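So the structure is just underneath, and the comments pick up after that.
Each reported figure results from applying straightforward, stated rules to the coordinates on display, with no laboratory input. Everything numeric here is computed off the predicted structure, so don't read it as measured data. Because the Cβ atoms are built from the backbone with ideal geometry, glycine has one as well, and the counts that use them run over all protein chains shown.
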């Protein structure tokens, strides 16, 4: 019998952690799994529980929560034999959606019972593991503003996206990959291990979790008229059709924000939706086949 630990963030999504645990207990196949359920109690606790599960020989750890919870748990599982399963309960759910996972709890549990395992790539951003996307620019500014908001959810994110527009100034960056080096003024730069930020907004639509490469999307500064098609192109995976968008594939990327003398070198950035302040130089890499995950079908 396989050992499974289900880690639930009780404040993710609607915050109905207890009903999720009841549904999980009633639907998990006890003939397949010896199951225990744990609830997170503080920021970072999901990673601690996941690390304990790995050291105790768990076969599967289930992340019930949003992108932050998934990142904490996956970071602890990467490089081990323990597999990650996701029941998405956040506002973005980027990795879960790339993997084809629905938000329906019972349906997800049925996939966990089936146990279809694959290995996926993982990313590293200035020492921080990421599994979906990381980047700098406008989306990082929005992520930072969102992290300081008193409320969560899609509507709050939309409001912060609009507010950030009014005082945002694109910056100039030097980008270095294994095959190229160039400078570019950019509205944003996103490195994708998966194909989206979340909510089906495909910022790196051609990204694969199994090719050992990162997909780099560069959006150059644009005017208001040129901005109109961008939201639709993100949703229908056609952002690369936009005249102000370029893309690159690479296994390693170095991004340096070019600062004028006396400028603050600290840079707003994000990984898997987590906003951070980092140095002006960002080192990003991909580790192939570094995480076991449970999925509903081949990706």
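A simple spin-label model places pseudo-atoms 7 Å from Cα toward Cβ; at residue 163 and residue 26 they are separated by 4.0 nm.
Taking the centroid of alpha carbons for each part, segment 159-194 and segment 224-289 are 4 Å apart.
How far, in degrees from 0 to 90, does helix 105-114 lean away from the longest principal axis of the Cα atoms of the chain, to the nearest 10? Result, in degrees: 70. Taking other C-beta atoms within 10 angstrom as a stand-in for reagent exposure, 91, 179, 247 fall in the order 179, 247, 91, fewest first. The angle separating the long axis of helix 17-27 from the principal Cα axis of greatest extent in the chain is about 50 degrees. Taking the C-alpha atoms only, the angle from helix 67-77 to the longest principal axis of the chain is near 70 degrees.
Once C-alpha pairs closer than 8 Å and six or more residues apart are averaged by separation and normalised to the residue number of the chain, the relative contact order reads 22 percent.
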